[in-house]
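Notes for the one structure printed next.
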Amino acid sequence: MAAARSSIASEVAQWVLEAGTDSTPPSPDEVVRETLALIIFEAVISETAAKMNDGSRPAWATADGERQLRETARALADRTSLTITGPSTTEITQAVEEGITAMRSIWMEP
């Protein structure tokens with residue numbers, strides 16, 4: 001789990017550097033949403049990796065499928081309702097849980 005947190009932190013830091021400009025960095029809301037998207041994506045991709053290791057590779061597990069997973073996670077994070085003064089721990093937890101549930105219902109085979 002520590003490796004996943006480190007990976008997410010690294011990806012967010014890289015995204016902040018690439019998404020911002022010298023005069024306009026991403027807003028805190030954008031950073032939170034990108035972080036939510038990455039957490040949701042990593043959770044689902046970890047479940048997929050476990051399935052691939054036991055030989056039950058999902059049909060969508062391709063490079064294009066991974067890109068679509070990332071886009072879906074970002075769309076879900078963008079639709080999340082967050083408090084304008086800054087999201088609470090409860091809001092973030094709820095957003096992650098709802099995002100993972102939605103991703104499972106969209107992408108995971110029954």
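Using a Förster distance of 30 angstrom, determine the FRET efficiency expected from the C-beta separation of Arg104 and Asp29, and round it to 0.05. Working shown, then result.
Details: r = 26 Å, r/R0 = 0.86.
Efficiency at R0 = 30 Å is approximately 0.70.
Grab the Cα-Cα distance for Glu91 and Ala9, subtract it from 0.36 nm times how many residues apart they are, and report the gain in nm with one decimal.
Value of the extension gain: 27.6 nm.
A short reminder: the numbers here are calculations on the coordinates, not readings from a lab. Model, not experiment: these values are computed from the prediction. Reconstructed Cβ throughout: ideal geometry from the backbone, glycine too, with neighbour counts over all protein chains shown.
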